[in-house]
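The values are calculated or read from the model by the stated rules, or taken from the named source; none is laboratory data. Just so we're clear, the structure is a prediction, and the values are computed from it rather than from any experiment. Note that we place each Cβ from the backbone using ideal geometry, even for glycine, and neighbour counts take in every protein chain shown. These area figures cover heavy atoms from the full protein model, side chains too; ligands, DNA and RNA do not enter into them. Shrake-Rupley method; radii C 1.70, N 1.55, O 1.52, S 1.80 Å.
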Amino acid sequence: MFITDIKYYRYGTSLKKPFKTALRTVEVIESIYVFIETNYEDIVGVGEAVPTYVITGDTKGGIEAAIEEVFKPLLINRQLTKDLLDEIQQIIVGNTSAKAAIDIALYDLLAQEAELPLYKYLDHNPGNKDLETCYTVSLNEANEMVEDGLRYVEEGFNHLKIKVGKDNVETDLNRLKALRNSLPNNVILSADANQAWDEQGARYALKHFDEADLEIESIEQPVGRYEYELLGELTQSFNIPLMVDESLFSTYDARRLVEVGANNLWNIKLMKTGGIHEALKIHDIAQSADIHCMVGCMMETHVSVTAALHFSLAAKQVNRVDFDAPLMVVEREIEGGIVYEGAKVSPSEGFGLGIDRKSLYKKVSS
Ligand SMILES: [Mg+2]
């Protein structure tokens, strides 16, 4: 099988309610869907990139330029082989979102060629698991967050994530207290600071989170992306488990994080790693250091989140997922792929990602 063309389209999917974090407010998920065509008319690989420039540096124009100027010349007229997965990582620095879209589409093709669902094609020392997604409660006044939280619990979500760090620590703790006091006891609450604090701010916040006795399961990325040593120190100094997110893009980051002791929990996202191929390598470093991983997503839709699900099913260290973004859209526009039943996530039937590629192509190309 060889690659004949690569097409890509911008497409916006509206959210039911604006999604607010410490860094930004999102009303529409802006995806770039990628289609890799082959000499078999029926076999197309599909991928998705999103421009999360505040985290990855990737913009819509940048993603499209990387595909047009770098990946098309590299891939068109090439035989489909696994070697291409390494080549797309090596040919350009950064651009992890464009790489992720291409990597996902190549994996979709490889698994279709092998006539296997993608997680079986990957089959990377998998653990048997049922996965449930957590749900992020958007930042608002405490009473609105409690209302939202109660609704999500009623819909079957047992793990809620709360964004912190936008306001002062007392406000954050008041929100968490309000949620803890209103939600059933078995609901897991975790927090995500998205790099909000400097060293002093992080030490102050973590001390108060430790003392608050709210049974917060973990707190994500208290400090900036390049603060590896500080992340290690904080991990070792406080009781509350720390999860690394924005500091973990590459295998280089993963090795650094192990060295400095930032080893509680890691959050792997395909838009940071440049796709599944690199995510598997990061997973192996986590495994050798006995670190458990969450797999998360940016504001993405069902294509790239389905790829993240297949990776999660195939990778042993992954014991939790954060795939809530597709649940926030007004209406599901993509057929096939990830299936949500309450918080439970599972793959659909079909080879590769199991996405209905034809109907997606029709929708986004018209
Ligand atoms: Mg995060």
Considering only DSSP beta bridges with both partners in the chain, what is the antiparallel share in %, to the nearest 5? 50
When you have a sec, figure out the Kirkwood radius of segment 52-201 from all distinct Cα pair distances and drop it here in Å to one decimal? 19.2
Segment 249-347: GluC sites (Glu not before Pro) in DSSP loop, at most 15 other beta carbons within 10 Å: Glu331, Glu335
Using a basic spin-label model with each label point 7 Å from the Cα along Cα→Cβ, how many nm lie between Leu23 and Glu259? 2.4
Exceeding 20 Å between C-alpha atoms, which entries from my cross-link table qualify? They are Lys60/Lys163; Lys82/Lys120; Lys99/Lys166; Lys120/Lys281; Lys20/Lys344. Lys60/Lys163; Lys99/Lys166; Lys20/Lys344
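At 1.4 Å probe radius, can you tell me the per residue accessible area of segment 184-258 in Å²?
For segment 184-258, the solvent-accessible area averages 43 Å² per residue.
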MRE, 222 nm, helices only [DSSP H, n ≥ 4, -39500 (n - 2.57), over the chain, to nearest 500]: -11500 deg cm²/dmol
Equivalent ellipsoid, segment 1-47 (semi-axes from 5 times Cα gyration tensor eigenvalues, Å): 34, 9, 7
Cα centroids of segment 5-33 and segment 181-225: how far apart, whole angstrom? 27
Which net charge results for the neighbourhood of Gln112, defined as the other residues with beta-carbon distances under 10 angstrom from its beta-carbon, given Lys and Arg at +1 and Asp and Glu at -1? -3
Full extension from Lys60 to Ser250: what is 0.36 nm times the residue separation minus their Cα-Cα distance, to one decimal in nm? 66.2 nm
Under the classification rounded if a/c is under 1.5, otherwise prolate if a/b is larger than b/c and oblate if not, where does segment 263-366 fall, given a ≥ b ≥ c as square roots of the Cα gyration tensor eigenvalues? prolate
Whole-number D in µm²/s for segment 1-100 (Stokes-Einstein; Kirkwood sum over Cα pairs; 10 °C, 1.306 mPa s): 108
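Order the peptides 108-114, 225-231 from the highest to the lowest mean number of other Cβ atoms within 10 Å of their residues. Provide the component values of the computation, followed by the final result.
Working: 108-114: 22.1, 225-231: 18.6.
Descending packing order for the listed peptides: 108-114, 225-231.
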So His208 and Arg225, fully extended at 0.36 nm per residue minus their Cα-Cα distance, gain in nm 3.9 nm
Evaluate the distance, in nm, between pseudo-label points positioned 7 Å from the Cα of Asn174 and of Asp5 along their respective Cα→Cβ axes. 5.8
Label model pair Lys344, Glu41: point-to-point distance (7 angstrom along the Cα→beta-carbon line) in nm is 4.0
Quick one: Cα centre-to-centre distance for segment 99-162 and segment 307-332, in angstrom? 2
Viscosity 1.567 mPa s, 4 °C: Kirkwood-radius Stokes-Einstein D of the chain over Cα pairs, µm²/s: 63
Counting only protein heavy atoms and a 1.4 Å probe, tell me what percentage of segment 122-182's accessible area is made up of carbon and sulfur. 38
Using a/c under 1.5 as the rounded threshold, could you call segment 45-111 rounded, prolate or oblate? The axes a ≥ b ≥ c are square roots of the C-alpha gyration tensor eigenvalues, and prolate needs a/b larger than b/c, oblate otherwise. prolate
When the label point is put 7 Å from the Cα of Lys16 along its Cα-to-beta-carbon vector, which residues of segment 343-366 have a backbone N closer than 13 Å? 343
What FRET efficiency comes out for Asp123 versus Glu87 if R0 is 22 angstrom and r is the Cβ-Cβ distance? Round to the nearest 0.05. 0.45
